[in-house]
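Below you'll find the structure, written out as structure tokens, and then a few comments.
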Amino acid sequence: MAYADLAHEELLALKAELEEAYGELKARNLKLNMARGKPGGEQLKLSLPMLDCVTSDGDLIASDGTDCCNYGVLDGIPEAKTFMAEMMDHDPANVCVFGNSSLNIMYDLVAGGVLYGYSGEPAWKDQGTIKWLCPSPGYDRHFRICETLGMELIPIELRADGPDMDKVEELVADPAVKGIWCVPQYSNPTGTTYSDEVVKRLASMPVAAKDFRIFWDNAYCVHDLYDETERRERVLDIARTCVAAGNPDRYFKFASTSKVTLPGAGIAAVAASADNIAVIRKRIGTETVGYDKLNQLRHVKFLKDRAGLDEHMKKHAAIIRPKFELVVNTLAAELGETGATWSTPNGGYFISFDGAPNTAQRTVQLAKEAGVVMTGAGATWPYGKDPLDRNIRIAPTLPPLEELEQALEVFCCSAKLATVESLLA
Ligand code: PMP
């Protein structure tokens, strides 16, 4: 029976039962982690041979003759640009391949707006309080960039087809709104892929700020969990859609190989219009003499091209698919009566869990006290404040299956107990 329909005495009895089960789980002294979207050891092993692709006795010269061991080339060796352009579905001429982190590029481009501005407009630091649209639940590190730079973060409901576009269109009539974060495919944490309609509205909506930018973080563009075409989700390309709408400079597109090869040791890229790329090149050229070209070369030698990338991603999927299915099946078996809901993603790295209102913090606390670390409750919302205190991001990839099973037992018991406590409160 649904917990919400139980009588007071029934809830008390259920609470006692759950407390006993929780006590037993706690006594196991577990130390497990479902907090961050890190690949597990088996996944990392897939890319270790990449480290042997660049050796002292090998060919270390890029296709344009650049010696990858030396300074030279700011925005990526040609073969790395071609590779990332294929991954990002973009013209290689307008792709820059930089260092090991796309988040780093995003930070630089938001900071670039603050310090220097875009589209000939004054720097954002000279335009009063800058506002930023944050589809939520979303990626905490995106929100933190804007918060750190003193902006006002505005949560926008993330629906099954993308951000609430009526709200977005209303808010961009304010010239202080300068940007929006988008993870358009297999979104972090909900697994949402934006509909064509949403992409078209984002590209074509009238915006008051000439220097408005869509930060299109397509971090999970090749991260399918399933082979079947009907389960493979693809988002409409923002670049072509913006061009068609007459707003070619509206977007910055990002991707990296962090969850393709080795997180922290991958390659990251930004793709944009020719005019935006010119601005980016100039600004980054002040920041660095150039990035790690040996790593770029290593990646291309290892993954080769789009076909090689797709083959490699299938190996990841084979490892992590059972983990996602274990989570979703366990939640369905255990938490149906609590009123909780959760996403069943076809790709990406996360499952988004919505417990009963006012239970997320307590659930995470209970899980932690029983040795299971989850992403902090609230982290998926701007300022870490989930208005309903219900969303929890589940990251299933790091623990091996057996550990994940134990962690889920703790999580489900914690969520049930938190729900009963809140109904009794
Ligand atoms: N964007 C999203 C949506 C992510 O989930 C992550 C990693 N969790 C990143 C960016 C970070 O990517 P990178 O390692 O390229 O900085």
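Using helices alone, what [θ] at 222 nm do you get for the chain, with -39,500 (n - 2.57) per DSSP H run of 4 or more residues, divided over all residues and rounded to the nearest 500?
Calculated mean residue ellipticity at 222 nm is -13000 deg cm²/dmol.
Could you calculate the FRET efficiency of N70 with D310 from 1/(1 + (r/R0)^6), where r is the beta carbon distance between them and R0 is 51 Å, rounded to 0.05?
Using R0 = 51 Å, I get an efficiency of 0.95.
Would you mind ranking F98, F353 so that the residue whose beta carbon has the fewest other beta carbons within 10 Å leads the list?
F353, F98
Considering the Cα positions of the range 206-281, please state its Rg to one decimal place and its Dmax as a whole number of Å.
14.8, 42
Excluding residues on the same chain fewer than 8 positions from K45, give the aspartates and glutamates whose Cα lies under 16 Å from its Cα.
Within the straight-line cut-off, K45 pairs with E311.
Peptides 202-214, 52-64, 150-162: what's the order by average Cβ count within 10 Å, highest mean first?
My ranking of the peptides, most packed first, is 202-214, 150-162, 52-64.
Does the range 10-127 classify as rounded, prolate or oblate by the C-alpha gyration tensor (a ≥ b ≥ c root eigenvalues; a/c under 1.5 gives rounded; else a/b over b/c gives prolate, otherwise oblate)?
Oblate is the answer for the range 10-127, as a/c is 1.5 or above yet b/c matches or exceeds a/b.
Starting from the 7 Å offset along Cα-to-Cβ, what nm value, one decimal, do you get for the label separation of R232 and L60?
Between R232 and L60, the label points sit 3.8 nm apart.
Can you grab the distance from the C-alpha centre of the range 136-207 to the C-alpha centre of the range 358-401, Å, no decimals?
What the calculation gives is 22 Å, centre to centre.
With no solvent and one equal point scatterer per Cα, compute the Debye intensity ratio I(q)/I(0) for the chain at 0.10 Å⁻¹ and report its log10, rounded to two decimals.
Each listed q maps to, in turn, -0.73.
Return Y118, Y251 ranked ascending by Cβ neighbour count within 10 Å, so the fewest neighbours appear first.
Going from least to most buried by this count: Y118, Y251.
Stick to the Cα atoms of the range 312-356, pair each with every other, and give me the Kirkwood hydrodynamic radius in Å at one decimal.
One over the average 1/r among Cα pairs gives 11.4 Å for the range 312-356.
Using a simple charge model, +1 on the beta-carbon of Lys and Arg, -1 on the beta-carbon of Asp and Glu, nothing else, what dipole does the range 8-114 show about its Cα centre, in debye to the nearest 20?
It comes to approximately 440 debye.
Please compute the Kirkwood hydrodynamic radius of the range 83-148 from all pairs of different C-alpha atoms, in Å with one decimal.
13.9 Å
For the chain, give the share of DSSP beta bridges that are antiparallel, in percent and rounded to the nearest 5; count only bridges with both residues there.
Taking every DSSP beta bridge within the chain, about 45 percent pair in antiparallel fashion.
Can you compute the modelled spin-label distance between A176 and K385, with each label point 7 Å from Cα toward Cβ, in nm?
In this crude label model, A176 to K385 measures out at 1.5 nm.
Give, rounded to the nearest 20 debye, the magnitude of the charge dipole that the range 61-303 has about its Cα centre when Lys and Arg contribute +1 at Cβ and Asp and Glu contribute -1 at Cβ.
So the dipole magnitude of the range 61-303 works out to roughly 480 debye.
Can you sort S47, S101 so the residue with the fewest Cβ neighbours within 10 Å comes first?
Listed from fewest to most nearby Cβ atoms, that is S101, S47.
Could the peptides 280-286, 143-149 be put in order, highest first, of the mean number of other beta-carbon atoms found within 10 Å of their residues?
Ranking the peptides 280-286, 143-149 by packing returns 143-149, 280-286.
Starting from the Cα of K385, draw a straight line to each of the lysines and keep only those under 26 Å, dropping any in the same chain fewer than 8 residues away.
K385 reaches K38, K125, K131, K167, K178, K368, K416.
How big is the equivalent ellipsoid of the range 61-303 along its three axes, where each semi-axis is √(5λ) from the Cα gyration tensor, reported in whole Å from largest to smallest?
28, 22, 15
Coordinate-derived values only; no laboratory data. A quick note: this is a predicted structure, and the numbers were derived from the prediction, not measured. So basically every Cβ, Gly included, is an ideal-geometry build from the backbone, and we count neighbours across all protein chains shown.
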